[in-house]
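Trainee: Questions regarding the structure given below will be posed in turn.
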Amino acid sequence: MTDETRLAFAHPSERAKATAPEGPLDRISLSDHEREVEIGAFQAERGTTQRVRFNVVVEVRSEADPDADDVDRILSYDTIVEAIDIELAAERLNLLETLAARIAERILAHPLAARCFVRIEKLDRGPFALGVEIVRSAPEKPKLRLLTEEMPHPLIVFLSNTAISRADLAALLDRLESSGAPVIVCVGAADLPRPQAAHGMPQRRIELLAIEQNAWVLAARDDRCVVVDSRTELDWAMKQGQISVWAPSKLVLDAVEGPATHILDGESLALWLAESFEAERLVLLGGDMPEDAALPVQSWPAEALPEL
(Lines give C-alpha, C1' and ligand atoms only; values in the text may rest on other atoms or scores of the structure.)
Protein backbone atom coordinates (compact mmCIF):
# COMPACT_ATOMS: atom_id res chain seq x y z
CA MET A 1 0.00 0.00 0.00
CA THR A 2 1.44 3.37 -1.00
CA ASP A 3 1.76 6.18 1.52
CA GLU A 4 -0.87 8.17 -0.39
CA THR A 5 -3.39 5.32 -0.19
CA ARG A 6 -2.58 4.66 3.45
CA LEU A 7 -3.15 8.29 4.33
CA ALA A 8 -6.46 8.32 2.45
CA PHE A 9 -7.82 5.78 4.96
CA ALA A 10 -5.88 6.89 8.03
CA HIS A 11 -7.31 8.88 10.90
CA PRO A 12 -7.54 12.62 10.18
CA SER A 13 -4.74 13.20 12.70
CA GLU A 14 -2.36 11.22 10.47
CA ARG A 15 -3.34 13.29 7.44
CA ALA A 16 -2.84 16.46 9.44
CA LYS A 17 0.70 15.40 10.37
CA ALA A 18 1.58 14.34 6.83
CA THR A 19 0.32 17.53 5.21
CA ALA A 20 1.34 20.04 7.87
CA PRO A 21 2.50 23.42 6.53
CA GLU A 22 5.88 24.87 7.37
CA GLY A 23 6.24 25.53 11.04
CA PRO A 24 4.79 23.35 13.83
CA LEU A 25 1.15 23.65 14.82
CA ASP A 26 -0.57 22.15 17.83
CA ARG A 27 -3.55 19.88 17.23
CA ILE A 28 -6.65 19.02 19.20
CA SER A 29 -8.94 16.18 18.20
CA LEU A 30 -12.31 14.59 18.76
CA SER A 31 -12.34 10.85 17.98
CA ASP A 32 -15.19 8.40 17.46
CA HIS A 33 -17.94 10.78 18.57
CA GLU A 34 -21.24 9.06 17.70
CA ARG A 35 -24.64 10.72 17.35
CA GLU A 36 -28.10 9.65 16.25
CA VAL A 37 -28.89 11.85 13.26
CA GLU A 38 -31.60 12.14 10.63
CA ILE A 39 -29.61 12.75 7.46
CA GLY A 40 -29.55 11.49 3.89
CA ALA A 41 -30.94 12.02 0.42
CA PHE A 42 -32.69 8.66 0.11
CA GLN A 43 -36.36 8.30 1.05
CA ALA A 44 -35.49 5.43 3.39
CA GLU A 45 -33.38 7.85 5.42
CA ARG A 46 -36.23 10.26 6.08
CA GLY A 47 -38.22 10.12 9.31
CA THR A 48 -35.61 7.95 11.01
CA THR A 49 -32.24 8.41 12.63
CA GLN A 50 -29.00 6.57 12.02
CA ARG A 51 -25.71 6.41 13.82
CA VAL A 52 -23.15 8.90 12.52
CA ARG A 53 -19.54 8.99 13.69
CA PHE A 54 -17.44 12.16 13.79
CA ASN A 55 -13.64 12.42 13.82
CA VAL A 56 -12.31 15.96 13.84
CA VAL A 57 -8.77 17.33 14.04
CA VAL A 58 -8.06 21.04 14.39
CA GLU A 59 -4.63 22.55 13.91
CA VAL A 60 -4.36 25.54 16.21
CA ARG A 61 -2.17 28.57 16.71
CA SER A 62 -1.93 27.78 20.40
CA GLU A 63 -1.49 30.42 23.05
CA ALA A 64 -1.10 27.76 25.72
CA ASP A 65 1.50 28.69 28.31
CA PRO A 66 3.20 25.78 30.13
CA ASP A 67 3.29 27.94 33.24
CA ALA A 68 -0.29 29.23 33.06
CA ASP A 69 -2.55 26.16 32.59
CA ASP A 70 -5.29 28.57 31.49
CA VAL A 71 -8.36 27.19 29.67
CA ASP A 72 -9.23 30.65 28.32
CA ARG A 73 -6.00 30.80 26.28
CA ILE A 74 -6.68 27.73 24.13
CA LEU A 75 -9.22 26.46 21.63
CA SER A 76 -11.39 24.24 23.84
CA TYR A 77 -12.58 20.76 22.93
CA ASP A 78 -16.06 22.14 23.56
CA THR A 79 -15.63 24.29 20.43
CA ILE A 80 -15.64 21.12 18.31
CA VAL A 81 -18.60 19.52 20.06
CA GLU A 82 -20.58 22.77 19.99
CA ALA A 83 -19.94 23.17 16.25
CA ILE A 84 -21.38 19.70 15.67
CA ASP A 85 -24.35 20.37 17.97
CA ILE A 86 -25.18 23.71 16.34
CA GLU A 87 -25.04 22.40 12.77
CA LEU A 88 -27.07 19.28 13.60
CA ALA A 89 -29.72 21.47 15.23
CA ALA A 90 -29.82 24.05 12.43
CA GLU A 91 -31.65 21.97 9.80
CA ARG A 92 -31.99 18.49 8.30
CA LEU A 93 -29.36 17.90 5.61
CA ASN A 94 -29.13 15.44 2.74
CA LEU A 95 -25.35 15.30 2.38
CA LEU A 96 -22.54 14.48 4.77
CA GLU A 97 -20.37 16.76 2.63
CA THR A 98 -22.56 19.74 3.49
CA LEU A 99 -22.54 18.91 7.19
CA ALA A 100 -18.75 18.46 7.24
CA ALA A 101 -18.19 21.77 5.44
CA ARG A 102 -20.46 23.66 7.83
CA ILE A 103 -18.81 22.15 10.91
CA ALA A 104 -15.35 23.03 9.59
CA GLU A 105 -16.44 26.58 8.76
CA ARG A 106 -17.85 27.10 12.22
CA ILE A 107 -14.72 25.78 13.93
CA LEU A 108 -12.47 27.89 11.72
CA ALA A 109 -14.31 31.02 12.82
CA HIS A 110 -12.31 30.67 16.06
CA PRO A 111 -9.26 32.99 15.95
CA LEU A 112 -6.86 30.22 17.02
CA ALA A 113 -8.00 27.63 14.44
CA ALA A 114 -5.71 27.31 11.39
CA ARG A 115 -6.83 24.13 9.62
CA CYS A 116 -9.61 21.62 10.20
CA PHE A 117 -10.03 17.99 9.16
CA VAL A 118 -13.54 16.55 9.44
CA ARG A 119 -14.45 12.92 8.79
CA ILE A 120 -18.11 11.87 9.08
CA GLU A 121 -19.29 8.28 8.62
CA LYS A 122 -22.70 6.62 8.46
CA LEU A 123 -22.60 3.37 10.43
CA ASP A 124 -26.02 1.83 9.72
CA ARG A 125 -26.15 1.69 5.91
CA GLY A 126 -24.64 -1.79 5.75
CA PRO A 127 -21.85 -3.95 7.22
CA PHE A 128 -19.42 -1.10 6.58
CA ALA A 129 -18.99 2.62 7.19
CA LEU A 130 -19.85 5.15 4.48
CA GLY A 131 -18.27 8.52 4.89
CA VAL A 132 -16.59 11.68 3.71
CA GLU A 133 -13.53 13.54 4.85
CA ILE A 134 -12.67 17.17 4.14
CA VAL A 135 -9.89 19.57 5.02
CA ARG A 136 -10.36 23.32 5.21
CA SER A 137 -8.05 26.20 6.08
CA ALA A 138 -9.05 29.28 8.03
CA PRO A 139 -10.11 32.18 5.79
CA GLU A 140 -8.63 35.62 6.30
CA LYS A 141 -12.10 36.91 7.14
CA PRO A 142 -14.38 34.26 8.70
CA LYS A 143 -17.94 34.37 7.39
CA LEU A 144 -19.35 33.15 10.70
CA ARG A 145 -19.47 34.94 14.00
CA LEU A 146 -17.42 33.37 16.76
CA LEU A 147 -19.22 30.84 18.89
CA THR A 148 -18.74 33.07 21.93
CA GLU A 149 -20.72 35.80 20.16
CA GLU A 150 -23.77 33.56 19.95
CA MET A 151 -24.21 33.30 23.67
CA PRO A 152 -27.61 33.74 25.31
CA HIS A 153 -28.14 36.78 27.51
CA PRO A 154 -27.88 35.56 31.10
CA LEU A 155 -29.73 36.60 34.23
CA ILE A 156 -27.15 37.88 36.74
CA VAL A 157 -28.33 37.52 40.34
CA PHE A 158 -26.60 39.02 43.37
CA LEU A 159 -27.33 37.27 46.67
CA SER A 160 -26.58 39.11 49.89
CA ASN A 161 -25.38 37.12 52.88
CA THR A 162 -28.93 37.09 54.25
CA ALA A 163 -30.16 35.66 50.94
CA ILE A 164 -27.43 33.01 50.94
CA SER A 165 -28.50 31.77 54.38
CA ARG A 166 -32.27 31.79 53.77
CA ALA A 167 -34.04 28.55 54.66
CA ASP A 168 -35.92 28.33 51.35
CA LEU A 169 -32.85 28.64 49.12
CA ALA A 170 -34.01 25.69 47.02
CA ALA A 171 -37.30 27.46 46.27
CA LEU A 172 -35.39 30.59 45.28
CA LEU A 173 -33.19 28.60 42.87
CA ASP A 174 -36.33 26.99 41.43
CA ARG A 175 -37.71 30.48 40.77
CA LEU A 176 -34.47 31.61 39.14
CA GLU A 177 -34.33 28.54 36.91
CA SER A 178 -37.90 29.17 35.78
CA SER A 179 -36.90 32.54 34.28
CA GLY A 180 -35.89 30.83 31.04
CA ALA A 181 -32.48 32.55 30.95
CA PRO A 182 -29.17 31.00 32.06
CA VAL A 183 -28.39 32.11 35.62
CA ILE A 184 -25.08 33.37 37.00
CA VAL A 185 -25.12 34.01 40.74
CA CYS A 186 -22.79 36.56 42.32
CA VAL A 187 -22.07 37.06 46.00
CA GLY A 188 -20.09 39.44 48.20
CA ALA A 189 -17.67 38.67 50.99
CA ALA A 190 -18.91 37.05 54.18
CA ASP A 191 -19.44 39.24 57.24
CA LEU A 192 -16.16 38.15 58.79
CA PRO A 193 -12.87 39.93 59.55
CA ARG A 194 -10.35 39.81 56.72
CA PRO A 195 -6.56 40.30 56.76
CA GLN A 196 -5.43 43.83 56.02
CA ALA A 197 -2.47 44.29 53.67
CA ALA A 198 -0.21 47.34 53.58
CA HIS A 199 -0.69 47.85 49.83
CA GLY A 200 -3.72 48.12 47.56
CA MET A 201 -3.07 45.27 45.11
CA PRO A 202 -2.55 42.57 47.76
CA GLN A 203 -5.66 43.85 49.56
CA ARG A 204 -7.64 43.60 46.32
CA ARG A 205 -6.63 39.95 46.04
CA ILE A 206 -7.65 39.34 49.62
CA GLU A 207 -11.08 40.90 49.02
CA LEU A 208 -11.64 38.88 45.84
CA LEU A 209 -10.62 35.67 47.62
CA ALA A 210 -13.06 36.48 50.41
CA ILE A 211 -15.85 36.68 47.81
CA GLU A 212 -14.77 33.33 46.38
CA GLN A 213 -14.83 31.74 49.83
CA ASN A 214 -18.43 32.90 50.18
CA ALA A 215 -19.22 31.45 46.74
CA TRP A 216 -18.16 28.05 48.04
CA VAL A 217 -20.37 28.55 51.10
CA LEU A 218 -23.31 28.99 48.73
CA ALA A 219 -22.25 26.00 46.62
CA ALA A 220 -22.30 23.80 49.71
CA ARG A 221 -25.99 24.58 50.25
CA ASP A 222 -27.30 23.31 46.90
CA ASP A 223 -25.74 21.01 44.30
CA ARG A 224 -27.06 23.19 41.48
CA CYS A 225 -24.70 25.98 42.51
CA VAL A 226 -21.40 25.24 40.75
CA VAL A 227 -18.51 27.62 41.37
CA VAL A 228 -16.93 28.78 38.10
CA ASP A 229 -14.03 31.16 37.50
CA SER A 230 -13.23 31.19 33.75
CA ARG A 231 -15.16 32.64 30.83
CA THR A 232 -14.94 29.31 29.01
CA GLU A 233 -16.68 27.53 31.90
CA LEU A 234 -19.29 30.27 32.21
CA ASP A 235 -20.01 30.09 28.47
CA TRP A 236 -20.37 26.32 28.66
CA ALA A 237 -22.64 26.43 31.71
CA MET A 238 -24.89 29.04 30.08
CA LYS A 239 -25.25 26.91 26.96
CA GLN A 240 -26.12 23.91 29.13
CA GLY A 241 -28.68 25.87 31.16
CA GLN A 242 -26.80 25.30 34.41
CA ILE A 243 -26.55 27.66 37.37
CA SER A 244 -23.07 29.10 37.91
CA VAL A 245 -21.72 30.82 41.00
CA TRP A 246 -19.09 33.30 39.89
CA ALA A 247 -15.64 33.27 41.49
CA PRO A 248 -14.41 36.69 40.30
CA SER A 249 -10.62 36.75 40.72
CA LYS A 250 -9.61 35.37 37.34
CA LEU A 251 -11.91 37.45 35.12
CA VAL A 252 -11.42 40.63 37.13
CA LEU A 253 -7.63 40.41 37.24
CA ASP A 254 -7.24 39.24 33.63
CA ALA A 255 -9.66 41.72 32.06
CA VAL A 256 -8.24 44.32 29.68
CA GLU A 257 -11.01 46.72 30.71
CA GLY A 258 -11.86 45.41 34.15
CA PRO A 259 -13.58 47.18 37.03
CA ALA A 260 -11.66 49.96 38.74
CA THR A 261 -9.23 48.70 41.36
CA HIS A 262 -11.25 50.29 44.18
CA ILE A 263 -14.42 48.39 43.20
CA LEU A 264 -14.48 45.37 45.48
CA ASP A 265 -18.09 45.09 46.65
CA GLY A 266 -20.14 42.20 45.31
CA GLU A 267 -22.94 44.36 43.90
CA SER A 268 -20.63 46.46 41.72
CA LEU A 269 -18.71 43.42 40.53
CA ALA A 270 -22.02 41.75 39.65
CA LEU A 271 -22.96 44.81 37.58
CA TRP A 272 -19.60 44.72 35.78
CA LEU A 273 -20.10 41.03 34.96
CA ALA A 274 -23.66 41.68 33.79
CA GLU A 275 -22.51 44.43 31.43
CA SER A 276 -19.55 42.35 30.19
CA PHE A 277 -21.84 39.41 29.34
CA GLU A 278 -24.62 41.61 27.95
CA ALA A 279 -27.02 40.21 30.54
CA GLU A 280 -30.74 40.73 30.12
CA ARG A 281 -30.79 42.24 33.62
CA LEU A 282 -29.26 42.26 37.08
CA VAL A 283 -31.38 41.11 40.02
CA LEU A 284 -30.38 42.05 43.57
CA LEU A 285 -31.66 40.08 46.55
CA GLY A 286 -30.50 42.33 49.34
CA GLY A 287 -27.45 44.55 48.92
CA ASP A 288 -27.06 48.10 47.66
CA MET A 289 -28.18 49.32 44.26
CA PRO A 290 -25.08 50.02 42.09
CA GLU A 291 -24.86 53.37 40.31
CA ASP A 292 -24.81 54.14 36.57
CA ALA A 293 -26.12 50.77 35.39
CA ALA A 294 -26.31 50.41 31.59
CA LEU A 295 -28.88 47.61 31.83
CA PRO A 296 -32.08 46.92 33.79
CA VAL A 297 -31.56 46.36 37.52
CA GLN A 298 -34.22 44.93 39.83
CA SER A 299 -33.86 45.11 43.60
CA TRP A 300 -35.74 42.82 46.00
CA PRO A 301 -35.54 42.15 49.76
CA ALA A 302 -33.20 39.31 50.63
CA GLU A 303 -36.11 37.14 51.75
CA ALA A 304 -38.28 37.70 48.64
CA LEU A 305 -39.12 35.31 45.83
CA PRO A 306 -38.64 37.73 42.92
CA GLU A 307 -41.06 38.03 40.02
CA LEU A 308 -38.91 37.34 36.95
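The values are calculated or read from the model by the stated rules, or taken from the named source; none is laboratory data. Keep in mind that this is a model prediction, so the values were computed, not measured. Glycine also receives a Cβ, built like all others from the backbone with ideal geometry; neighbour counts cover every protein chain displayed.
Trainee: Suppose the filter is basic (Lys, Arg), surrounded by 14 or more Cβ atoms within 10 Å (Cβ to Cβ) and in the same structural domain as residue 126 (by TED's automatic domain parsing); does residue 53 pass it?
Mentor: Criteria met by residue 53.
Trainee: Here is a follow-up. May I ask you to list the residues in the range 192-206 that are part of a helix (DSSP H, G or I) and either without any contact (Cβ under 8 Å) to a residue 40 or more places away in the chain or touching an Asp or Glu at 6+ places or on another chain (Cβ under 9 Å) (or both)?
Mentor: The initial filter retains those residues of the range 192-206 that are part of a helix (DSSP H, G or I), namely 200-206.
Selection gives 202, 203, 206.
Trainee: Would you check if residue 194 is modelled with pLDDT under 95 and out of contact with any His (no Cβ under 8 Å at 6 or more places or on another chain)?
Mentor: yes
Trainee: A further question follows. Within the range 169-189, take every residue that is out of contact with any Leu (no Cβ under 8 Å at 6 or more places or on another chain) and surrounded by fewer than 15 Cβ atoms within 10 Å (Cβ to Cβ) and give me the one that is farthest from residue 239 (Cα to Cα).
Mentor: Going through the qualifying residues, I end up with 170.
Trainee: Residues 303, 278, 233: which one is over 20 Å from residue 164 (Cα atoms) and in a loop (DSSP other than H, G, I, E, B)? I'd like the intermediate steps shown before the answer.
Mentor: On the way: 303 fails: over 20 Å from residue 164 (Cα atoms); 233 fails: in a loop (DSSP other than H, G, I, E, B).
Only one candidate passes the filter, namely 278.
Trainee: Tell me, yes or no, whether the range 251-267 has at least one residue that is surrounded by fewer than 19 Cβ atoms within 10 Å (Cβ to Cβ), touching a residue at least 24 places away in the same chain (Cβ under 8 Å), on the phi > 0 side of the Ramachandran plot and not in a helix (DSSP H, G or I).
Mentor: no
Trainee: Moving on to the next point. Scan the range 279-297 residue by residue and report those that are surrounded by 13 or more Cβ atoms within 10 Å (Cβ to Cβ) and either assigned by TED's automatic domain parsing to the domain that holds residue 72 or modelled with pLDDT of 90 or more (or both).
Mentor: 279, 280, 281, 282, 283, 284, 285, 286, 295, 297
Trainee: May I ask you to verify whether residue 222 is within 18 Å of residue 302 (Cβ to Cβ), at pLDDT below 95 and assigned to a loop (DSSP other than H, G, I, E, B)?
Mentor: Numbers: within 18 Å of residue 302 (Cβ to Cβ): yes; at pLDDT below 95: no; assigned to a loop (DSSP other than H, G, I, E, B): yes.
When the stated conditions are applied, residue 222 does not pass them.
One line per residue, one yes/no per condition, for (1) in a helix (DSSP H, G or I); (2) closer than 30 Å to residue 269 by Cβ; (3) at pLDDT 95 or above:
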| position | (1), (2), (3) |
| --- | --- |
| 55 | no, no, yes |
| 86 | yes, no, no |
| 104 | yes, no, yes |
| 126 | no, no, no |
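Trainee: Let me ask something additional. Could you say which residue among 154, 202, 193, 127 is of a type outside the set (Ser, Thr, Tyr) and in contact with a helix residue (DSSP H, G or I) (Cβ under 7 Å, 6 or more places away or on another chain)?
Mentor: Working: 202 fails: in contact with a helix residue (DSSP H, G or I) (Cβ under 7 Å, 6 or more places away or on another chain); 193 fails: in contact with a helix residue (DSSP H, G or I) (Cβ under 7 Å, 6 or more places away or on another chain); 127 fails: in contact with a helix residue (DSSP H, G or I) (Cβ under 7 Å, 6 or more places away or on another chain).
Exactly one of 154, 202, 193, 127 is of a type outside the set (Ser, Thr, Tyr) and in contact with a helix residue (DSSP H, G or I) (Cβ under 7 Å, 6 or more places away or on another chain), namely 154.
Trainee: Tell me, yes or no, whether the range 166-180 has at least one residue that is within 17 Å of residue 269 (Cα to Cα) and of a type outside the set (Lys, Arg).
Mentor: So far as the range 166-180 goes, no, none of its residues is within 17 Å of residue 269 (Cα to Cα) and of a type outside the set (Lys, Arg).
Trainee: Assess whether residue 160 counts as being more than 22 Å from the chain's Cα centre (by Cα) and either surrounded by fewer than 19 Cβ atoms within 10 Å (Cβ to Cβ) or in contact (Cβ under 8 Å) with a residue 24 or more places away in the chain (or both).
Mentor: Values: more than 22 Å from the chain's Cα centre (by Cα): yes; either surrounded by fewer than 19 Cβ atoms within 10 Å (Cβ to Cβ) or in contact (Cβ under 8 Å) with a residue 24 or more places away in the chain (or both): yes.
Considered against the rule, which asks whether it is more than 22 Å from the chain's Cα centre (by Cα) and either surrounded by fewer than 19 Cβ atoms within 10 Å (Cβ to Cβ) or in contact (Cβ under 8 Å) with a residue 24 or more places away in the chain (or both), residue 160 comes out as yes.
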